[in-house]
Amino acid sequence: MSNQIQKDVSLKPEEITKRDVGIAWLRFHFANEIPHAFDRYISPALMWALMPILKKLYKDKNDLIAAYQRHLLFFNTQLSWGGGTITGIMASLEQARANEMYNGDPISINDDFTKNILLSAGSRTGLKVRVLKEDGAVRYWNDRQYDNYKVVLLTKTVEAMAGIIKGGVPIKQLNLGGIPQKPGLTSVIPEVSITKEELDILVDLNEKYGVDIYFQAIPSSKKVSLKEAIKLFD
């Protein structure tokens, strides 16, 4: 056996167990608001919760650092979601990614947004979530109507969601819950800022496809309608 093969074997990701997910759940509940910061909100707590899992998956130092950085992006949620559902989901996501990297397969989840959202159910959640490209989401609907599941679609951009809707997926409601503020964007709610071009896309989806569009970060926060958002651009 060559040194290279030995090295590869030593980098093989370990399997994530229910116990690992349970520990992440407890760690998030313990940390939660302790490292709260304006630019990242509670992502340090999430990253700390996932650290034991990430160490089992990424044996290469640079891969582990990259995983830490992925989970230090802007992140906010309610304690009940972050401690159980989201930590389990992210553990499942990272397990899939680590295995793809080790096996030399194409990375199906290859951007920072999808690495930090609900992508695959952890063993504690009972959810079934699929990671698809835009055309895959459209094709899955056209061919199988999502197998009659109750579905929540999450995309990185307004344009991506518009492409799915225009492709034939009959979305009735669209909630914008998290687009960080950047120069040149207009803030609709503290957690969501958009451009005039994105607003025009949303108006088009509302008028031509009958999509009910609103802005709300979490269920307990203020809900802003598309009509109210339009006034901010006048």
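Throughout, read-outs are computed from the coordinates displayed, never taken from laboratory work. Quick caveat, the model's predicted, so the values are computed rather than measured. Counting neighbours? That spans all protein chains shown, and the Cβs are built from the backbone with ideal geometry, glycine included.
Expected output is a single nm value to one decimal: the length gained when fully extending between Lys227 and His36, i.e. 0.36 nm times separation in residues minus the C-alpha distance. What is it? Write out the running numbers ahead of the final one.
Numbers: separation 191, 0.36 × 191 = 68.76 nm, distance 3.23 nm.
Full-extension gain reported as 65.5 nm.
Calculate, in nm to one decimal, what Asp60 and Gln145 gain on full extension: separation in residues at 0.36 nm each, minus their alpha carbon distance.
Result: 26.5 nm gained on full extension.
What chymotrypsin sites (Phe, Trp or Tyr not before Pro) does the stretch 133-180 have in DSSP loop regions with at most 16 other beta carbons within 10 Å?
Of the chymotrypsin sites (Phe, Trp or Tyr not before Pro), the ones in loops of the stretch 133-180 whose Cβ has at most 16 other Cβ atoms within 10 Å are Tyr149.
With the cut-off at 20 Å, tell me which of the pairs Lys59/Lys133; Lys196/Lys227; Lys156/Lys196; Lys196/Lys222; Lys59/Lys156 have Cα atoms farther apart than that.
Values: Lys59/Lys133 29 Å; Lys196/Lys227 14 Å; Lys156/Lys196 17 Å; Lys196/Lys222 22 Å; Lys59/Lys156 29 Å.
The pairs that break the limit, which is 20 Å between Cα atoms, are Lys59/Lys133; Lys196/Lys222; Lys59/Lys156.
Report the GluC sites (Glu not before Pro) located in the stretch 7-38 that are in a DSSP loop and have at most 10 other Cβ atoms inside 10 Å of their Cβ, or state none. Mind showing how you got there, number by number?
Numbers: sites: Glu14, Glu15, Glu33; in loops: Glu14, Glu15, Glu33.
Sites meeting the loop and neighbour criteria: Glu15, Glu33.
Alpha carbon centre of the stretch 152-182 versus the stretch 17-67: separation in Å?
28 Å
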